[in-house]
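To start, the structure itself, in structure tokens.
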Amino acid sequence: MANFGIAGLDWQQRVNWERLRNYRLERARERMKAHGLGAMLLMYDENVRYVTGTLTPGWNRLKPGLRYAMLCGDDKPVLFEQGDLGFQIERHSPWIPKENVRYSYAWIKGAAGPASSQQVKKFTNAVKQEMKKSGVANAKLGVDFIDINMLKVFADEKIDWTDGMTAMMEARAVKNVDEQECLRIVGAIGDGAHWEFMKALKPGITENKLTAHIMEYLYSVPGMEDVEDVIVSSGPNTWPNWRNFSDRIVKPGDIVFMDLAALTWNGYKSCYYRTYCAGKEPTKDQKEVYATALKWLYDSIKAVKVGATTKDIASKWPSAQEAWGYKEEDQAAANLWGHGLGLAQYDQPVISRIWSLDHPIEIKEGMVFALETQHGRKFEWGVRIEEMLIVHKDSVEIISNFPVEQITVVDPMPGYSTLSSAR
């Protein structure tokens, strides 16, 4: 697989969607059984999609309970979709048996008020019915989400429930060849977005206009489902990293960075920073700080291999005290960082000195994740860079290919580098 293209063709094997769906379903089932679970109740959208291969509208995501799915024993998954959207699921997703598409019993995290108890009782009865139908009524139920309304009714109904998110995190962590190809395509789209950003960046433009421009570019790509965020930060917004955009006007010589967090192509997500300088050459100090961040990044990438651990990777980064004078690592959360990529922007492994030194996770073949580093001068400027990569048996494949060796200078003005260096 080598990023042949984003459309399906009859003459070239690209992403095999049926193989992808089957792999995800059986991997979830395998991890379910490995954790001693008879069934799983899945309410987070990334988990519902992983086992059902179904798409729901954006407003219906990130609201656990509006839709959910169950995987019981060896049976096919059952999808409880919001309202009558299930009729569209039957039409679009024939791999889910028609009789396994139901409507959900929602209480909208308690927004239904006094009706929440009534709804959760109906919800719980449906869960019990599915487990009984599949012959796992007396087995443990793994859940990926729980709220105060569920706790009471589950106790009343004697539901033997436990953590189901760990099993799903383990399942999603290792990608098959088709998922890897999806993420290569995500990387290629990100490459194009950064090139488009480079062309659009200039003194006088605002951060939010740059964000809007890249949003427009991304939504023109076939298969683009969602763009969660396009972070554009400039000047003092870059350090500490504001991780946002505003109406700030970019000035000549400003350091600017852009992060695709996260474009979502056929469910698969990006995280992809690059750093730019608008209108003139960066100063010597800026170049040196960038070189430091780049070394931190590539030292950690060199530590990635099958059988290594997240501790090996995080150990390549300085402590928060050493880098910025912070008292605790938690104050520098996400500054030197790694996280899995897939149907969620935070698959395993998540890598940080906060926890990886004491709670290492093994790096496995098929993991896909991003590593990112940053550095800067407080309220003046900062740099941030990031690479997305796939772990293979004997190698690491970087799938983010926009140039990273130095700050990308956009439309430099002759003679400005000497003036700026004197400041």
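Filtered by the rule that a residue be open to solvent by 50 Å² or more (accessible area, probe 1.4 Å) and over 19 Å from Y298 (Cα atoms), region 349-361 gives W355, D358, H359, P360, I361. Restricting region 98-130 to residues that are part of a helix (DSSP H, G or I), in contact with a Gly (Cβ under 9 Å, 6 or more places away or on another chain) and open to solvent by 10 Å² or more (accessible area, probe 1.4 Å), the residue that is modelled with the lowest pLDDT is K109. In this structure, I390 does not satisfy being surrounded by fewer than 24 Cβ atoms within 10 Å (Cβ to Cβ) and over 25 Å from E405 (Cβ atoms). For beta carbons closer than 6 Å, sequence separation of 6+ or different chains, a first residue in region 156-185 that is farther than 17 Å from I398 by Cα and touching a residue at least 40 places away in the same chain (Cβ under 8 Å) and a second that is in a helix (DSSP H, G or I) and not aromatic (F, W, Y), the qualifying pairs are A167/R31; A167/M32; M168/N47; E170/R31; A171/R27; A171/A28; A171/R31.
Going through (1) open to solvent by less than 30 Å² (accessible area, probe 1.4 Å); (2) modelled with pLDDT under 95 one by one, R423 falls short only on (1). Could you please give the count of residues in region 1-29 that are at pLDDT below 95, of a type in the set (D, E, K, R) and surrounded by 14 or more Cβ atoms within 10 Å (Cβ to Cβ)? Of the residues in that region, 1 qualify. So if I check each of E397, E365, which one is at pLDDT 95 or above, more than 18 Å from A293 (Cα to Cα), among the charged types (D, E, K, R) and in contact with a His (Cβ under 8 Å, 6 or more places away or on another chain)? E365 is the lone residue from the list that is at pLDDT 95 or above, more than 18 Å from A293 (Cα to Cα), among the charged types (D, E, K, R) and in contact with a His (Cβ under 8 Å, 6 or more places away or on another chain). Inspect all residues belonging to region 30-50 and state whether any of them is modelled with pLDDT under 95 and open to solvent by less than 70 Å² (accessible area, probe 1.4 Å). Checked against the condition, which is being modelled with pLDDT under 95 and open to solvent by less than 70 Å² (accessible area, probe 1.4 Å), region 30-50 yields no hits at all. Summed over region 345-357, residues that are part of a loop (DSSP other than H, G, I, E, B) and either free of Cβ contacts under 8 Å to residues at least 12 places away in the same chain or farther than 15 Å from W317 by Cα (or both) total 3. Exactly one residue out of E322, E372 is without any contact (Cβ under 8 Å) to a residue 24 or more places away in the chain, acidic (D, E) and not in a loop (DSSP other than H, G, I, E, B), and it is E322. Regarding S116, is this residue within 21 Å of M32 (Cβ to Cβ) and among the hydroxyl-bearing types (S, T, Y)? When the stated conditions are applied, S116 does not pass them. Checked against (1) in contact with a helix residue (DSSP H, G or I) (Cβ under 7 Å, 6 or more places away or on another chain); (2) closer than 20 Å to L389 by Cα; (3) open to solvent by less than 10 Å² (accessible area, probe 1.4 Å); (4) not β-branched (V, I, T), N266 meets all criteria but (3). Scanning region 186-237 for residues that are of a type in the set (S, T, N, Q), more than 21 Å from K280 (Cβ to Cβ) and touching a residue at least 24 places away in the same chain (Cβ under 8 Å) yields N208, T211.
Only residues that are outside any helix (DSSP H, G or I) and either under 13 Å from G53 (Cβ atoms) or among the β-branched types (V, I, T) (or both): list them for region 82-96, please. Within region 82-96, S93, P94, W95, I96 qualify.
Residues in region 1-58 that are more than 21 Å from G86 (Cβ to Cβ), in a loop (DSSP other than H, G, I, E, B) and of a type outside the set (A, V, I, L, M, F, W, C): N3, G5, G8, D10, Q12, Q13, R14, N16, H35, G36, G38.
Taking every residue in region 83-98 that is of a type in the set (G, A, S) and pairing it with any residue that is open to solvent by 100 Å² or more (accessible area, probe 1.4 Å), at least 6 positions away or on another chain, the pairs with Cβ-Cβ distances below 7 Å are G83/Y103; G86/Y103.
Restricting attention to region 229-251, report how many residues are buried (at least 16 other Cβ atoms within 10 Å of the Cβ) and on the phi < 0 side of the Ramachandran plot. Final tally of qualifying residues: 16.
The set of residues from region 281-303 being assigned to a loop (DSSP other than H, G, I, E, B) and either surrounded by 22 or more Cβ atoms within 10 Å (Cβ to Cβ) or hydroxyl-bearing (S, T, Y) (or both) comprises P282, T283. The set of residues in region 336-362 being under 18 Å from the mean Cα position of the chain (by Cα), within 20 Å of A293 (Cα to Cα) and of a type outside the set (F, W, Y) consists of L336, G338, H339, V350, I351, S352.
The values are calculated or read from the model by the stated rules, or taken from the named source; none is laboratory data. Predicted model only: the values in this text are computed from it and were never measured. Glycine gets a Cβ as well: all are built from the backbone with ideal geometry, and neighbour counts include every protein chain shown. Heavy atoms of the whole protein, side chains included, go into the accessibility calculation; ligands, DNA and RNA do not. Shrake-Rupley method; radii C 1.70, N 1.55, O 1.52, S 1.80 Å.
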